[in-house]
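The values are calculated or read from the model by the stated rules, or taken from the named source; none is laboratory data. Only a predicted model underlies this, so the values are computations on that prediction, with no experimental measurement involved. Neighbour counts run over all protein chains shown; Cβ positions are idealised from the backbone, glycine included.
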Amino acid sequence: MSLTKDDFEYIESKLSRLWDTRVELQIEGHTIVLNMRFKTAFERVVAISIDDEMKAGWFDSDDPMSRFLCRKKKYYYDRKYRKKLKRQSKKWLKEMNINPDHCVVYFLPWWTSFKTLFAHLKQFEDIKLIREEEG
């Protein structure tokens, strides 16, 4: 079961509050908790915890829990320089041992944007919002 548009609106409104920003999701048998936190004095992020914990081993791309985290890719060379390198001959690149597409993939325990978070959540088939009773 996937999330509806109403569910996404509820999540966004709940996370936009100043306090009581805890949102719980049930994804593939795991309880995922989303909370709005301060990353810096002026920047807020949506922090994620899996089954109320966060382990350093989950930040490895081989770990199955990393599929819940925010995946980032950082290239060794900037875009402009990569474009120049790709115009070089493949033989020269091989001799110099240069790979223009060399990158590092890492995972973060937070999301900086609702849009990217929601796009990521849409990929899960078995997802359920656990609504708290307000009153």
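Tabulated values for the structure
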item: Test: residue in segment 88-96 that is surrounded by fewer than 12 Cβ atoms within 10 Å (Cβ to Cβ), within 26 Å of M1 (Cα to Cα) and free of Cβ contacts under 8 Å to residues at least 40 places away in the same chain; result: no
item: Of all residues making up segment 48-87, the number that are surrounded by fewer than 14 Cβ atoms within 10 Å (Cβ to Cβ), among the polar types (S, T, N, Q) and assigned to a helix (DSSP H, G or I); result: 0
item: Selection status of I127, assigned by TED's automatic domain parsing to the domain that holds S2 and more than 14 Å from the chain's Cα centre (by Cα); result: yes
